[in-house]
Amino acid sequence: MLITLDGFSGSGKSTLAKKLEREIPGIRVIKADDFFYQRGEKRDKRAGNFNVRRFIKEVTPQIKRGSGFFIRAYDCRSGKFFKKWIPEGNITILEGSYTSTPSLDSYRDLGFFVNCDRREREIRVKSREGDNYLNFLNRWFKDEYNFEIKFRTYKNSIIVNNYNELRDYICGEKLLKIKNLQVR
């Protein structure tokens with residue numbers, strides 16, 4: 001099962017995904033940041049800075065198997081790829097901005113969009129990025145906002161405001177019955 005966890009920078013996507021992975025056996029997390037485009041690479045305009053074509057080609061066949069596997073993660077700061085282990089799991093959460101892209105519609109089982117006040121997001125990003133904060137504010141916030149305005153991807157997602165809402169939905173009987181799953 002593939003679940004996407006989208007939201008603007010600083011909304012808490014990574015924190016929520018890590019907490020789910022720690023607390024619920026059978027959940028594994030893949031970061032969309034590991035699939036940033038290389039410098040100069042042609043982009044899919046429906047997927048922002050997320051290289052959805054590479055994700056579909058290299059990762060989606062592996063997800064269905066449930067076993068662990070390596071991905072070619074891209075570090076945009078160094079411009080280099082590195083091997084990253086993705087553990088075994090029956091629920092894969094793809095976490096990151098642009099993961100609600102229409103390009104993943106036929107692969108995604110369920111999509112969430114993390115709601116968070118803009119001011120709170122700015123405070124979080126400033127704390128996390130330090131001197132790089134203005135770059136985030138002027139570039140990434142703007143890019144993400146324009147992407148959401150253009151595609152309205154959150155309309156096809158379940159809006160969540162906190163960890164408990166997300167966990168309750170993922171572990172709730174309704175979802176497990178619909179998808180005929182058991183969280184280990």
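Under the Kirkwood approximation applied to all pairs of distinct alpha-carbon atoms, what is the hydrodynamic radius of the chain in Å? Can you show the working numbers first?
Values: mean 1/r = 0.0594 Å⁻¹.
When all Cα pairs of the chain are included, the Kirkwood radius is 16.8 Å.
Taking packing as the residue-averaged number of other Cβ atoms within 10 angstrom, the listed peptides 83-89, 93-99 run from highest to lowest as 93-99, 83-89. Using R0 = 22 Å, the C-beta based FRET efficiency linking C76 and D131 works out to 0.80. When only alpha carbons are used to place a centre, the stretch 30-45 and the stretch 100-173 end up 17 Å from one another. Considering only G130, G26, G66, the mean-square fluctuation computed in a Gaussian network model of the chain, springs between alpha carbons under 10 angstrom, is largest for G130.
Laboratory data are not the source of any read-out in this text; all were calculated from the coordinates shown. Nothing here was measured: the structure is a model prediction, and the numbers come from that model. Positions of Cβ are backbone-derived with ideal geometry, glycine not excepted, and every protein chain shown enters the neighbour counts.
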